[in-house]
Amino acid sequence: MSTRMVRFFFLPTVLAVAVSAQQPQPQSRVITIPQAKGIYYDGPDGIATLPYTLMLPFRSTSVREYFSLGGHWKFRAEISGPGAALAIANPKPMFYMRGYQSGTRLYLVRTDEKQDYREIKMEYPHDYSEWSRVSKGVTPVEVDAVAGDLISITPRGNLEPGEYVILTSLDREERPIQLSFEFALRP
């Protein structure tokens with residue numbers, strides 16, 4: 001191989017490496033999640049804590065369901081206020097949850113907006129060992145272990161604008177009592 005060919009191939013490679021070394025490299029961002037139990041959103045302004053409500057669904061049933069003449073008992077849970085205190089713009093947000101107990105259920109649910117509250121519709125199976133199930137607006141999520149008692153929660157698809165909650169039980173033994181972590185997706 002001639003010296004001219006070596007310069008022809010070697011010189012552009014050296015120049016490309018030198019130019020790329022002078023460009024600033026992207027900084028990796030360190031995320032610090034608080035040690036308290038809760039759900040946290042990693043947004044453009046940093047970590048935000050999702051406000052939560054302690055929730056216990058109540059029954060709204062018809063005479064037919066009351067006398068067990070068919071169908072599931074209907075329950076609903078209400079969250080006070082016309083909207084969530086935390087509004088985000090990312091249609092595929094990532095949340096971090098600290099203190100999640102394995103074996104408890106975790107739901108991402110779109111709520112029905114009413115005038116001064118939000119509502120979650122549920123149904124209760126006739127098996128008393130089961131707790132009421134969310135019957136409308138459930139979004140599938142990906143749950144991944146991050147470290148220790150920290151997990152990440154991400155919806156599988158993009159969310160539509162509206163009011164949402166992440167529901168989870170206090171623990172395995174107290175399934176009827178739910179924690180409702182609320183947020184709103186605004187375009």
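Applying the set (1) assigned to a strand (DSSP E or B); (2) farther than 14 Å from residue 100 by Cβ; (3) of a type in the set (D, E, K, R); (4) at pLDDT 85 or above to residue 144 leaves exactly one unmet item: (2). Can you find a residue that is on the phi > 0 side of the Ramachandran plot, at pLDDT 85 or above and within 16 Å of the chain's Cα centre (by Cα) anywhere in the range 28-42? Looking through the range 28-42, at least one residue is on the phi > 0 side of the Ramachandran plot, at pLDDT 85 or above and within 16 Å of the chain's Cα centre (by Cα). When the range 90-130 is examined, which residues are found to be at pLDDT below 90 and of a type in the set (A, V, I, L, M, F, W, C)? Correct list: 106, 120, 122.
Whenever a residue of the range 119-142 is under 11 Å from residue 109 (Cα atoms) and aromatic (Phe, Trp, Tyr), it has no partner that is surrounded by fewer than 18 Cβ atoms within 10 Å (Cβ to Cβ) and modelled with pLDDT under 60 lying with C-beta atoms less than 7 angstrom away and at least six residues away or across chains. The one condition from (1) at pLDDT below 65; (2) in contact with a Lys or Arg (Cβ under 7 Å, 6 or more places away or on another chain); (3) not aliphatic (A, V, I, L, M) that residue 75 does not meet is (1). Inside the range 73-112, residues that are free of Cβ contacts under 8 Å to residues at least 24 places away in the same chain and either crowded, with 17+ Cβ neighbours inside 10 Å or outside any loop (DSSP other than H, G, I, E, B) (or both) make up a count of 0. Condition test on residue 182, is it modelled with pLDDT of 90 or more, among the acidic types (Asp, Glu), part of a strand (DSSP E or B) and within 23 Å of residue 75 (Cα to Cα)? Answer is yes for this residue.
The values are calculated or read from the model by the stated rules, or taken from the named source; none is laboratory data. Small disclaimer: the values here were computed from a predicted structure and weren't measured. Positions of Cβ are generated from backbone atoms using ideal geometry, with glycine treated the same way; all protein chains shown enter the neighbour counts.
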